[in-house]
Protein chains: 2
Amino acid sequence: MTQSRRNFLRNVGLAGGAGVMLHSMGALGLTSAHAAETPAFTPPQPSDLARAGSKSVVILGGGIAGLTAAYELLKGGYKVTVLEGRDRPGGRNFTVRGGTRVTDLKGVTQVAGFSRGQYMNAGPGRLPQSHITLDYCKELGVPIEAFTNQNANALLYYPGDHGIGAVQMRQAKADTYGYVSELLAKATDKGALDEELTADDKEALIAFLRSFGDIGTKEEGYAYTGSSRAGYTVEPGAGQESGTEVAPHAMSAVLAAGLGQYFSFEFGYDQAMMMYQPVGGMDAIPYAFAKAVGAKNIRYGAEVVEWKNTSTGVSVAYKARGRTELIEADFAINCMPPQIAAKIPHNLGDDITASLKSFGPSNAGKIGIEYDRRWWEEDFRIYGGITNTRLDLRNMWHPSYGFHGDKGTMIGYYNTGSAADTYGALTPAQRLSRAVDMGKQIFGDVYGEGITASYSQDWKSQKFSEGAWAYSTTADTDPLYTRLLDATGNTYFAGDHLSHAVAWQHGAITAARAAVEKLHARVTA
Amino acid sequence: MTQSRRNFLRNVGLAGGAGVMLHSMGALGLTSAHAAETPAFTPPQPSDLARAGSKSVVILGGGIAGLTAAYELLKGGYKVTVLEGRDRPGGRNFTVRGGTRVTDLKGVTQVAGFSRGQYMNAGPGRLPQSHITLDYCKELGVPIEAFTNQNANALLYYPGDHGIGAVQMRQAKADTYGYVSELLAKATDKGALDEELTADDKEALIAFLRSFGDIGTKEEGYAYTGSSRAGYTVEPGAGQESGTEVAPHAMSAVLAAGLGQYFSFEFGYDQAMMMYQPVGGMDAIPYAFAKAVGAKNIRYGAEVVEWKNTSTGVSVAYKARGRTELIEADFAINCMPPQIAAKIPHNLGDDITASLKSFGPSNAGKIGIEYDRRWWEEDFRIYGGITNTRLDLRNMWHPSYGFHGDKGTMIGYYNTGSAADTYGALTPAQRLSRAVDMGKQIFGDVYGEGITASYSQDWKSQKFSEGAWAYSTTADTDPLYTRLLDATGNTYFAGDHLSHAVAWQHGAITAARAAVEKLHARVTA
């Protein structure tokens, strides 16, 4: 996500050209240690509508954007109706537990057999500290706990000719930082950077590198010869047991394996620790929203089949329990995935269809695998965190809850793009089989032992989602994008795709609040 | 801790000389991704004593070592008595809550006024994944949760002429890694490291640096010109809000400030995330031990005044409720801090006194400050983690529990050595005043607002501790150290000081298990 956003920023020229100005500001100490500010938002107040009179809004889609819009509009006394195709709130915010039953677009039905207390977040799984999603957790009374997005004991597995097998993240870092520090200290010491560095700079840089890389002195050639940071094969303990350090890999092998390519994930603005999750499952957020919005204001199992502007408002047709119903309101906020909204008949014009079609849906997949013991804790001392691999599993999440419990549920893969499509094309049983075969390459036979349940999610084949998220294929100044930021007639649009936080609930929430603000400003103008 | 242990390892020649061999092993891919092994331990079994008959053991000190020894001996049917000077178990494992009352060696009494649910761990506060302490949490049923030992949103404050004020950890990393990557890419590109690197190495290294430092292309001079990783002053959000990135500081300022000197803390074998803590306070561990050992086997308020070997066992005199009592047993395990044991009359000889005196006690201090709102979360979006400074506060812990609650308790300082002594010399009120004045330099006026309670711990002035921990001043092969690893007569010794995990509960536990093993082997020989 970060990568995409940064690329986007670079593409539109924001990051590159400003460098010199930013340097100058930095040198003056003008940057602030305070948190970034999310634009202020004042919810509608009932008193605002005193003159305008009560207004009704129909909201298409009960995902995070739709729920946020309903919740905020209700604060101002609006009459709201949320139409949701599924039988639950949340959209892509979806937590799978024992008994969860879903039939996908290919007609395949899965029923999750997870044990009591075990779950998998099939959609979003983590909350960055800066995201407004946390403010809603606080406001809605959803308790949070740490999400383990980083773990020195988790593994990296980048197989290849270099001969390095699965390694703990801590060793990958110790070796990479050790050799990088050795190299830069040598180059600095031999004067290769004298054009770039003053004598003071050089001294400070080498002091940093000695600490950062755990390397030797100048007399020792600044050599990296291993570090306790890489870990131990025998743990330090009582008496004379000083431990046995893990042996470092050779520099060429470390570089060839590309182990360091993963490190920057942990620096990302929206991925750096600390991260959080709702206690008991991410869907605590939509269920709390839905409770606040009220059951009478949400129609589940309501599949939109036509959405129209009328001369006085909007009209939406939907199918529910085999019948087609019509709902009319003063306004609509369309929070459906753009690729789905584009396919449903409407009368807002070809421009709107073109805008909705301009977003490119991406796929993502996850599998939850429940085991009868927490072997990653017991055998590997991995308490949470992410094992990353170049196998098409990509990311394996060690659970952030239930430590020391009898059972545990790994996310056996969280992958995107073609890797997700590869798994998505398989049956659930085939997905598990493939995921287990690959996991055994990393963790050994234990990966296939004691499996008590599994459930796999292929977002592309999910009805009402048809993808994991959808990025704009244009600049954010292109009419294909901007057209959806304002009302077309009496219809507004919202969703994470209409934000710079695509694939995050923060994007859905901020976009929904923007739509509510515009709608309310118009009503009270 | 890591630093000290590593230095120790280097001193005894373990780390340096082995480099070449380790390299070779690494290149062969022989290192394992499995967790380090703590030496196997088989608790005594009741059947073991069938021939030897029941044996009694008096344990001096009810800290973690003493409790572990008692707990494991009881598994084998030993009769144990723990003598503990305080009115609670745990020793330095000490959690302060509302109502906690302690009088220190200077006669100063503090009564903690923390609100219900608020607490501070005055002693150990975090558990590494590799430590056997976690196994005891599991065995004893002590629930754990994440300890936030790292946070990209926490601050670094290293004031100086460089002009950089408090910065978020994420910016310190982005700027430091950016410039370091730029420098090494330039040196590599200009051939300054051609002796060290093959063409393949160079290509792989530059690919890594571009990712690691978020730097430009060769054509852009590999320049670091800022990164979204440093954070935003305006958060990316709805519509066209792409966010405003924090401006980078200049390279010379970043190097001069030494911001990167802190990074290696997070790589330490026993400090790298993930870390854990018992839910509700670290003292859940000693209380669980004490419950398992049984109230009838622990005498609180029992201050040892003499410890002796006798011809048939041991004899220990202690004062309790104003009277001197004598207890005799077959064996003793002395788990007192060595600097205290050395001062109490005994008959084990001058060699033992010299051994006990050879450990150097270190000081550490902590202050807990309760606020009526969690301003670090609300104003700074800092959810847990450590703010580090060169002010003598050193480390400020943002709490790892109670997120989004009404109140919160910061550890306003966790410092050691002379910084701890500086605060220790003050009254509790003066400590708070000084800590708040310094905290304001970093966080502004909010640091002094809404304070509802505080409690400060100076370990040097705590009766029955007289220090935070004590390192051996000798090599672990010196008789001053080794003499305490075996019995002297019928007396054994245990404690974290007799381990390579000083200041950690893991050290106390493994040392206690080693003593139990030796004692039991002797009894059953």
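Throughout, read-outs are computed from the coordinates displayed, never taken from laboratory work. This structure is a prediction, so every number in the text was calculated from the model and none was measured. Because the Cβ atoms are built from the backbone with ideal geometry, glycine has one as well, and the counts that use them run over all protein chains shown.
How far apart are the A:Gly98 label points across copies, placing each 7 Å from Cα toward Cβ, in nm, shortest first?
Result for A:Gly98, in nm, nearest copy first: 3.8.
Give me the tail of P(r) for region B:169-248 as a percent: Cα-Cα pairs with distance above 15 Å.
58
Kindly put A:Val57, B:Val80 in sequence by how many other C-beta atoms sit within 10 Å of each C-beta, fewest to most.
Listed from fewest to most nearby Cβ atoms, that is B:Val80, A:Val57.
What Kirkwood hydrodynamic radius do you get for the protein assembly as shown when you take the inverse of the mean 1/r over all pairs of distinct Cα atoms, in Å?
In the protein assembly as shown this quantity evaluates to 30.9 Å.
Could you point to the residue in B:Asn297, B:Phe464, A:Met273 farthest towards the positive end of the protein assembly as shown's charge dipole, with +1 and -1 charges on the Cβ of Lys/Arg and Asp/Glu respectively?
My answer, from the dipole projection, is B:Asn297.
Which pairs, out of A:Lys79/A:Lys138; A:Lys186/A:Lys440; A:Lys202/B:Lys190, put more than 30 Å between their alpha-carbon atoms?
From A:Lys79/A:Lys138; A:Lys186/A:Lys440; A:Lys202/B:Lys190, over 30 Å: A:Lys186/A:Lys440.
When N is the residue count of region B:346-478, what does its C-alpha Rg come to as a fraction of 2.2 N^0.38 Å?
Ratio of Cα Rg to 2.2 N^0.38 Å: 1.30.
Summing -39500 (n - 2.57) over the DSSP H runs of n ≥ 4 in chain A and dividing by its residue number, what mean residue ellipticity at 222 nm do you reach, to the nearest 500 deg cm²/dmol?
So the helix-based figure for chain A works out to -9000 deg cm²/dmol.
To the nearest µm²/s, what D does Stokes-Einstein give for region A:427-525 at 25 °C and 0.890 mPa s, using the Kirkwood radius over alpha carbon pairs as Rh?
The estimated diffusion coefficient comes to 144 µm²/s.
Using the Cα atoms of region B:260-409, I'd like the radius of gyration and the largest Cα-Cα distance, Dmax, both in angstrom.
22.1, 67
With Cβ to Cβ distances under 13 Å as the rule, what net charge do the other residues near B:Ala253 carry (K, R +1; D, E -1)?
Counting the neighbours of B:Ala253, the net charge comes to -4.
Looking at chain B, what % of the alpha carbon pairs are farther apart than 41 Å?
31
Net charge near B:Val80: determine it from the other residues with C-beta under 12 Å of the C-beta of B:Val80, scoring Lys and Arg +1 and Asp and Glu -1.
+3
Reachable lysines from B:Lys173, Cα under 18 Å, same-chain residues fewer than 8 places away excluded?
Straight-line reach from B:Lys173, under 18 Å: A:Lys173.
For region A:82-166, take the alpha-carbon Rg, divide it by the Kirkwood Rh, and send me Rg/Rh.
Expressed as Rg/Rh, it is 1.08.
Between the label point of B:Gly301 and that of the same position in each other copy, find the distances and list them shortest first in nm, with every label point placed 7 Å from Cα along the Cα-to-C-beta direction.
The answer, with the shortest distance listed first, is 6.8 nm.
Based only on other Cβ atoms within 10 Å, what is the fewest-to-most ordering of B:Leu498, A:Leu83?
A:Leu83, B:Leu498
Could you work out the pair-distance distribution P(r) of region B:235-326 from its alpha-carbon pairs, with 10 angstrom bin width and percents rounded to whole numbers?
All Cα pairs, binned at 10 Å, distribute as 11, 15, 19, 17, 14, 10, 10, 4, 0 percent.
Return an integer: the convex hull volume of the alpha-carbon atoms of region A:46-128, in Å³ per residue.
124
If you look at just the Cα atoms of region B:124-207, how large are its Rg and its Dmax in Å?
21.1, 60
Per-residue Cβ counts within 10 Å, from other chains only, averaged over B:369-378: what number is that?
1
Two decimals is fine: what is log10 I(q)/I(0) at q = 0.15, 0.22, 0.27 Å⁻¹ for region B:485-524, from a Debye sum with one equal scatterer on every Cα and no solvent?
Log10 of I(q)/I(0), two decimals: -0.32, -0.62, -0.81.
Taking the Cα centre of each part, how many Å lie between region B:55-102 and region A:243-273?
42
For a quick check: sort A:Tyr318, B:Tyr492, A:Tyr401 by the number of other beta carbons within 10 angstrom, fewest at the front.
Least crowded to most crowded, the residues run A:Tyr401, A:Tyr318, B:Tyr492.
What share of the DSSP beta bridges in chain A is antiparallel, in percent to the nearest 5?
Bridges in chain A are about 75 percent antiparallel.
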